[in-house]
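Structure record follows, encoded as structure tokens.
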Amino acid sequence: MATINEIAQEIKESKQPIVLIYAFNSTGKTKLSVEYKNLTKKEDGTHSGVYYNAYSEDLFRWHNDEENQNENMRLEILESSLNPYFSSIVESPDLLDEKLAYYLPKYTYEFDKNDNPEIGIDAIRFSREEESNIKISRGEERIFIWCFFLALFEADAWTGEQDAHFFIDDPVSSLDEHNIFLTADSIIRIIDEKITAKSEKRFILTTHHIGLFSILADRLRNSSHTNSLKRSILSIHNNELTLKNYNKDVFLYHLYLMQVLNESISENKILAFHFIMLRQLLEVISSFLGTGGIKKTLEEIGFTDDLEKVSNQVNSLSHKDARPQIIDLNPDDEKLLVEIYKRIQEKYNFIIH
């Protein structure tokens, strides 16, 4: 067990060129990126690497221009230490266009440039066909910001200043499955370009998305980067963190979920977020059964007469926005989770270490 500082120190000392970490939401991935940033600062207090995380996204903020019926909507960029590097995108707009092209954007954009090169860009405006000053969707916004940072990475805007490592935390929020593959491709391209036998750069990526983790792990293991890769799982228990190395093991997501649920049941510490994990487990099993619905799994493990009721209860309890994830469950809900878990294990006899 370790603190977030100790985990960051462990990653720093490992010196592995590529570190790929899977963790559930609320485990502390963003805090880890901040702690790593602080640990790797230079003697003069400047950063040695570059980062993409929730704080990066927060630098972009919509100005909806409500007082003028949205006539002057724009995505503003808050001033930060990144501003001096924006000139690399202004001077080489093709870099950003190339990154966006993979996602087939249905909009065009233009920059509100600032005369001061230390600021570079004040805002971005979007248009679609004959409609100007539009507000793009949340998913489109996330993709645009991600591509904006990818362009900065490729431009080597930080060359000689903050180019020791790239730390990327969860670049896939609000994306559909197709865009997950595109995002994985964009990350692989950056790794291929930046992580070479002659370079000393590092690449650290954390994600809650098992699909992204699996795609990257598989492709990197079967590439020239296989000896440079470290795959790990970051987990939390009783406010203590563990970073487990999975380099020599096959990471099977359903077994990992079973292990966590088994531990929570054994220690009688079942919380609301465990129902989210239970639903994920049901969905994984249903995929193996050839259907995307949890009802099939529930039916297979013996819930027939009360299938609709149990299915609705699982859906309600696993809704991420419906309740705080760390609160205790009431006894009836706990009993249901334990019963579903036991029936899954009785049916499929998973090997849980």
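Quick notes on this structure:
- Only one entry of Ile195, Ile168, Ile191 meets the criterion of being touching a strand residue (DSSP E or B) at 6+ places or on another chain (Cβ under 7 Å), over 27 Å from Trp62 (Cα atoms) and at pLDDT 90 or above, and that entry is Ile191.
- Extreme residue, nearest to Ala155 (Cα to Cα), among residues of the stretch 84-107 that are touching a strand residue (DSSP E or B) at 6+ places or on another chain (Cβ under 8 Å) and surrounded by 13 or more Cβ atoms within 10 Å (Cβ to Cβ): Ile89
- Pairs meeting the criteria (first residue in the stretch 193-204 and in a strand (DSSP E or B), second residue among the charged types (D, E, K, R), beta carbons under 7 Å, at least 6 apart or on different chains) are Phe203/Lys194.
- If you filter the stretch 287-317 down to residues that are touching a Lys or Arg at 6+ places or on another chain (Cβ under 7 Å) and farther than 25 Å from Leu271 by Cβ, you find that the one that is surrounded by the most Cβ atoms within 10 Å (Cβ to Cβ) is Glu300.
- The stretch 87-118: number of residues that are of a type outside the set (Asp, Glu) and not in a helix (DSSP H, G or I): 14
- Checking each residue in the stretch 145-161 for being within 12 Å of Ile89 (Cβ to Cβ), modelled with pLDDT of 90 or more and among the aromatic types (Phe, Trp, Tyr) picks out Phe148, Phe149.
- Listed by first and then second residue, the pairs linking a residue in the stretch 282-304 that is farther than 17 Å from Leu336 by Cα to a residue that is among the small types (Gly, Ala, Ser) and part of a loop (DSSP other than H, G, I, E, B), with Cβ atoms under 7 Å apart and 6 or more places separating them unless they lie on different chains, are Ser286/Gly292; Ser286/Gly293.
- Of the criteria (1) among the polar types (S, T, N, Q); (2) at pLDDT below 85; (3) buried (at least 20 other Cβ atoms within 10 Å of the Cβ), which one Gln280 fails: (3)
- Condition met for Ile145 (in contact (Cβ under 8 Å) with a residue 40 or more places away in the chain and over 23 Å from the mean Cα position of the chain (by Cα)): no
- The listed residue being closer than 27 Å to Leu243 by Cα and among the aliphatic types (A, V, I, L, M), out of Leu39, Leu104, Leu95, Leu82: Leu39
The values are calculated or read from the model by the stated rules, or taken from the named source; none is laboratory data. Keep in mind the model is a prediction, meaning the values are calculated, not measured. Ideal geometry is used to build each Cβ from the backbone, glycine not excepted, and the neighbour counts take in all protein chains shown.
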